[in-house]
Amino acid sequence: MFRYPHRSEYYPSDTIQSYGHIITIITPLLTLVCVMCIISSQLLYLSTAQAENTNQLIAIPGTLSPLLKNSRFIAHADTQQPIWLSLGLRPRNSAALQQALQAVINPVGHQPRLALNTDEIIRRFSPTPASYTTLIRWLQAAGFHTIHTYRHRLLLDFEGTIGQAQRYFHLQINKYKAPDGTFYYSNNRAPLLPQAVASQVISINGLNNATSWTHTALEQKSQQSSNNHSCRANNTKSATGASGSSAAATASLADLYGTHYTGVGQTIALFELGRPAISDLHSYVACTGQKETMLEQIDAPTPESAFMPVSYAATIDAEAILGSVPQLQRLKIYSTTNNEKSYLDQWGQIVQDNPAVVSTSWGLCEQLAPAQLIQQEALFFQLAALQGQSIIAASSISCPIISSPATASQPAVSDPASQPFVTGVGATALIFDASHSTHDGLQTAGRPDPASTELLTTGGISQLWAMPAWQHIQGIPDQAASQLPQVCPRTSTEHYCREVPDVALNTDARHSFWAYCSEGCASNHPWLSINGSALAAPLWAAFVTLSNQLSQQHGGGNLGFINPLLYQLANNPVSYASSFYDIIATDDHKPASPGIGYDLTSGLGEYRAQHLAEELLKLIQPVSK
């Protein structure tokens with residue numbers, strides 16, 4: 001009978017036991033290997049997904065020029081044409097930045113305002129050095145060349161060709177013809193960046209050269225050639241300390257001059273798009289006898305091939321400062337070319353250098369400003385306020401009436417005067433009767449000059465900014481302003497838009513500022529008679545500078561961001577009457593004439609220099625002796 005052999009007949013017992021031990025060891029190992037394979041595959045999947053997510057392209061909004069919708073396409077731009085660009089970067093700790101701003105603007109209790117120093121701001125809010133270096137390497141890997149870096153690391157300048165920009169930002173740059181006949185180039189869509197880069201970027205500046213700024217109008221008065229002597233009788237100073245060329249325009253600063261506040265130890269910066277004629281400034285100083293001020297011209301980083309013309313307006317602005325702050329220690333004139341990238345570069349440099357007072361008479365109508373430009377500016381102005389800078393901007397830029405049905409009757413306003421962290425300064429040109437010429441009343445009443453071409457309207461309602469909390473005082477908005485279309489982005493708690501200007505300067509239209517200009521001026525004579533109201537921003541900057549000197553001599557610091565302080569004083573009828581001249585137009589039937597209290601032409605009014613400076617000192621240093 002057939003019998004199956006027992007396995008022990010083929011395999012000895014010790015062999016069977018050995019296999020059992022092997023299986024006992026291998027089984028857990030195989031299980032572990034399987035688990036590791038599953039985990040590895042999952043990690044590989046996640047890494048791939050993460051890499052794909054990192055390489056995902058993100059659009060940077062707000063780079064397109066508002067001119068595009070009304071312009072005509074001409075041709076594609078030359079891909080070999082050089083182009084100069086900059087990246088505007090996001091600050092770290094944005095929430096903490098806003099909290100720090102509020103602490104500076106609205107200190108708790110009776111504590112004095114304490115601005116942060118520049119190093120502290122960089123440490124707390126600037127992008128890290130590592131992230132800045134990573135961006136530089138990314139640009140270099142893309143074939144661009146870094147041309148300028150900033151200590152605050154909020155801006156990064158680089159250059160390349162239009163072809164490189166099109167390839168790496170995934171767009172097309174074309175040539176266009178604007179409605180006014182000018183030609184420009186511009187990107188046709190939003191640039192795209194890898195997500196890792198895009199998350200750090202606010203703006204890509206320089207993809208178009210469509211944006212151009214305008215200086216407030218400098219109206220020249222008629223003059224006789226016999227008046228143009230070599231020094232126009234300006235070789236002496238008035239009793240107030242101001243040079244004879246500007247004594248009429250600076251009469252309201254006389255009380256500060258009389259108490260020896262003349263700008264000793266102070267610095268003012270001018271923001272200019274174009275360079276001043278330095279030789280004319282030296283001639284002006286020689287004629288007025290003012291030799292204390294150090295003139296410092298600072299050119300923003302521009303390509304060697306860029307041409308920066310002499311700006312007649314820059315020369316006049318500088319002379320207005322020199323004439324109104326007789327013992328100013330230093331006048332820093334920041335000069336650059338008139339385009340988007342250079343404009344933002346210059347503000348970035350000014351914030352880095354941190355001069356106490358900055359004046360600009362250049363503006364751009366809000367409806368012509370790209371959104372990214374407004375955002376980048378706003379960041380710079382917030383940092384300026386945080387470190388105690390005063391930014392003074394003329395609001396009297398001529399802007400076309402907005403044509404949309406919702407805002408047809410609304411006067412347009414200009415940037416940067418409409419920015420919440422900038423003091424917008426309007427201008428009026430009224431003729432005063434003899435009884436009002438000495439500024440001895442509570443109000444400055446005058447009538448329009450029929451021979452003047454200047455408009456009284458210098459302000460309006462912002463399309464871009466909600467009304468800041470500090471602007472909410474009695475009478476703002478008034479009935480007329482509240483009936484205007486409110487088209488700015490608003491919140492659930494804010495139903496009105498920012499009103500411009502904050503303050504103003506009024507100059508009797510029969511008196512002028514004598515300026516010296518032999519280069520870049522359309523005149524056969526070097527001495528020009530300029531309507532003083534065109535110099536509103538420089539003269540308000542002069543007032544803030546003299547007030548800083550007063551504060552420092554009483555143990556305080558610089559005034560810094562002054563808007564909340566001005567409106568706080570204006571909210572009290574007593575301090576308003578003692579601190580401001582309320583500008584009022586009489587015998588005028590124009591709808592935009594300045595009236596009683598705050599209005600969209602003259603804001604809160606003009607400074608009563610000594611009284612306002614002393615009241616501001618009390619607010620910024622309430623616990624001082």
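The values are calculated or read from the model by the stated rules, or taken from the named source; none is laboratory data. Keep in mind that what you see is a predicted model, and the values were worked out from it rather than measured. Here the Cβ is made from the backbone with ideal geometry for all residues, glycine too, and neighbour counts use every protein chain on show. Accessible surface is based on the protein model in full, side chains and every heavy atom, while ligands, DNA and RNA are left aside. Shrake-Rupley method; radii C 1.70, N 1.55, O 1.52, S 1.80 Å.
Ile121 fulfils the conditions (1) surrounded by fewer than 20 Cβ atoms within 10 Å (Cβ to Cβ); (2) not in a loop (DSSP other than H, G, I, E, B) except for a single criterion, (1). For the criterion of being of a type in the set (D, E, K, R) and modelled with pLDDT of 55 or more, Asp415 passes. Taking the criterion of being touching a helix residue (DSSP H, G or I) at 6+ places or on another chain (Cβ under 8 Å), open to solvent by less than 20 Å² (accessible area, probe 1.4 Å) and at pLDDT 70 or above, would at least one residue in segment 218-239 satisfy it? No - not one qualifying residue is present in segment 218-239. When the residues of segment 305-341 are filtered to those that are over 22 Å from His260 (Cα atoms) and of a type in the set (Lys, Arg), which remaining residue is least open to solvent (accessible area, probe 1.4 Å)? My answer is Lys341.
For Ser579, the test of being at pLDDT below 95 and either in contact with a Ser or Thr (Cβ under 9 Å, 6 or more places away or on another chain) or open to solvent by 10 Å² or more (accessible area, probe 1.4 Å) (or both) is failed. For segment 67-90, the candidate set comprises residues that are in a strand (DSSP E or B) and among the hydrophobic types (A, V, I, L, M, F, W, C); within that set, the residue that is farthest from Ala178 (Cα to Cα) is Leu89.
Does Glu377 satisfy being in contact (Cβ under 8 Å) with a residue 12 or more places away in the chain, open to solvent by less than 10 Å² (accessible area, probe 1.4 Å) and within 16 Å of Thr214 (Cα to Cα)? No; evaluated as a whole, the condition is false for this residue.
Restricting attention to segment 283-296, which residues are open to solvent by 50 Å² or more (accessible area, probe 1.4 Å) and more than 29 Å from the chain's Cα centre (by Cα)? Matches in segment 283-296: Ala286, Lys291, Glu292. Against the test of being at pLDDT 95 or above, among the hydrophobic types (A, V, I, L, M, F, W, C) and more than 13 Å from Ile83 (Cα to Cα), the options Phe158, Phe125 yield a single qualifying residue, Phe125. What do you reckon, is Asp317 over 23 Å from Ile530 (Cβ atoms), acidic (Asp, Glu) and touching a residue at least 12 places away in the same chain (Cβ under 8 Å)? No: the conditions fail for Asp317. Between Ser203, Ser212, Ser199, the distinction of being closer than 30 Å to Glu120 by Cα and open to solvent by 10 Å² or more (accessible area, probe 1.4 Å) belongs to Ser199 only.
Just one of the listed residues (Ala445, Ala451, Ala509, Ala481) is modelled with pLDDT under 85 and either of a type outside the set (Gly, Ala, Ser) or assigned to a helix (DSSP H, G or I) (or both), namely Ala481.
Take Thr302 and tell me if it is on the phi < 0 side of the Ramachandran plot and crowded, with 22+ Cβ neighbours inside 10 Å. Walk me through it before giving the result.
Values: on the phi < 0 side of the Ramachandran plot: yes; crowded, with 22+ Cβ neighbours inside 10 Å: no.
For Thr302, the condition - on the phi < 0 side of the Ramachandran plot and crowded, with 22+ Cβ neighbours inside 10 Å - is not met.
Under 22 Å from Gln375 (Cβ atoms) and open to solvent by 30 Å² or more (accessible area, probe 1.4 Å), is that true of Arg137? In short, no. Cβ separations smaller than 9 Å between residues 6+ apart or across chains give the following pairs from segment 73-85 residues that are closer than 19 Å to Asn205 by Cα to residues that are open to solvent by 70 Å² or more (accessible area, probe 1.4 Å) and of a type in the set (Gly, Ala, Ser): Pro82/Ser305.
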